[in-house]
Structures are given as structure tokens and as C-alpha cells.
Amino acid sequence: YVGIDGADWEVILPMVQRGELPAFERMLREGARAELTSYEPMISPLLWTTALTGRSPDVHGICDFTVMKPDGAHLPITTPFRKVPAVWEILATQNQASAFSGFWATHPAEEVPGVLLSDIVSSQLSEGAAPKRPLASGSLWPVDALDSIWPSLQTTSTVSDSIVAPLAPRIPAAQWQTARQFWLDKPAQTAWKEANK
């Protein structure tokens, strides 16, 4: 199961046909895909939690990126706000291990058979010139899940062109360099977020 936030088949399929996304081409050839009906509003934590629980937002309880405290302050929405089991918990009841990474509203990571990297791991690993340790408490389960691969982890700043280029061989290097720069440019990210509220 692979899910990409904001991905659209109207964009992906033409790129696959032009040979620009060989990994997607292989997944489509060897796997399966589906067009899904979504909920409105199109808010990532709401949608992904719906996919991971099989329950509607009014039942699962994750409806936005943040929750408002009585004093009006906003806090990121976290695992305790989810009212029903997610798929990793359902699998655990059958003694099935699983691995999930980066889904919204998954911090703190729950203790399940397998691996669960919460939604805050990617931002912790991608900021700065190299991944920093230790990760925040509750970021992942088990707590040593990344130990064996830690020396090989890359950030947006450190990943080499030789690794990026084969993933999108027909996209000009300048184009993905621009994308890389945007990822590192905090003012540009803030401006984009403000414009898309």
C-alpha cells in the first residue's frame, strides 16, 4: 500500500506514459490502483485517518491539522484524538506485524508489532544538513527502529544528485533542484502555507 498526499492520477498517468516515473510504471504494472471518492473538506489528516480506520471523520475524530484549546491556541492534532483503531492496531489483534510511516495524526507512535514512524519523524529528519538525534519522544516505535539505517539516512540537503536522478530520469535536473530548494527555503514554505489556508 502506497499513498501520496496530494497526488492526482490526471498528473501521474501522463508522466508514466512519457516514461518520467518508472517506479510508478512498475507499481501499476505489477500491482493495482484505484480512484477513490474523497471527503470534503480535503484535509489530509481527515482523509488519511479515514483511509486507515475505514470510518468516517465524525466517528474517528480527526478532522483537521490542529485542535483549538479553550484559550484559542492551536495545537497539532495527535494520536489521542483518534477515537477508533487504525489498521496497525487491527492487525496487531491478529498478531500481524506491520510498518507505517508518516501518516498524519500518529504522534505519539503507538506500541504495535512492527514499526510505526509518526508524522513528525520526516520533519525531524529533513531539517538541517543531517538527521539529528535524538528524535523527540514518541516519534517512533520501537524507539530503536531507525538505528540500523541511521548512518545511511539522507536529508533534502544531503541526498546526492546520483540518487535523485534515476527516480525521475526524464525530468531536467534544474527542475528537481528547484523543488529541493523550495523544500529548504522556509520563507517560501511559509508563504505557500499562508496562501493555501
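The values are calculated or read from the model by the stated rules, or taken from the named source; none is laboratory data. Keep in mind the model is a prediction, meaning the values are calculated, not measured. Positions of Cβ are backbone-derived with ideal geometry, glycine not excepted, and every protein chain shown enters the neighbour counts. Remember, those area values only see protein heavy atoms, side chains included, never the ligands or the DNA or RNA. Shrake-Rupley method; radii C 1.70, N 1.55, O 1.52, S 1.80 Å.
When you restrict to C-alpha pairs under 8 Å that are six or more residues apart and normalise by the size of the chain, the relative contact order lands at 14 percent. For an R0 of 45 angstrom, estimate the FRET efficiency from the Cβ-Cβ distance between Tyr39 and Ala174 and round to the nearest 0.05. Plugging the Cβ-Cβ distance into 1/(1 + (r/R0)^6) gives 0.75. The solvent-accessible area of Ser160, taken with every protein chain present and a 1.4 Å probe, is close to 40 Å². For the residues Arg170, Arg82, Arg133, Arg33, a 1.4 Å probe over the protein chains yields an accessible-area ranking, largest first, of Arg170, Arg133, Arg33, Arg82. Computed with every protein chain present, the accessible area of Trp176 is close to 40 Å² [probe 1.4 Å].
Computed from backbone phi with θ = phi - 60° and the Karplus coefficients 6.51, -1.76 and 1.60, the 3J(HN,Hα) list for region 65-73 is 6, 9, 10, 9, 7, x, 7, x, 6 Hz; x is used for glycine and proline.
From the square roots a ≥ b ≥ c of the eigenvalues of the alpha-carbon gyration tensor of the chain, which class results: rounded (a/c under 1.5), prolate (a/b over b/c), or oblate? Because its axes are fairly even, with a/c under 1.5, the chain counts as rounded. Relative to the longest principal axis of the Cα atoms of the chain, helix 186-195 runs at roughly 60 degrees. For the set Met27, Met68, solvent exposure ranked by accessible area (probe 1.4 Å, protein chains only) runs largest to smallest as Met68, Met27.
For the pair Val67 and Ala99, the difference between a 0.36 nm per residue extended length and the Cα-Cα distance amounts to 8.8 nm. The Glu111 and Ala51 beta-carbon pair, evaluated with R₀ = 25 Å, returns a calculated FRET efficiency of approximately 0.70.
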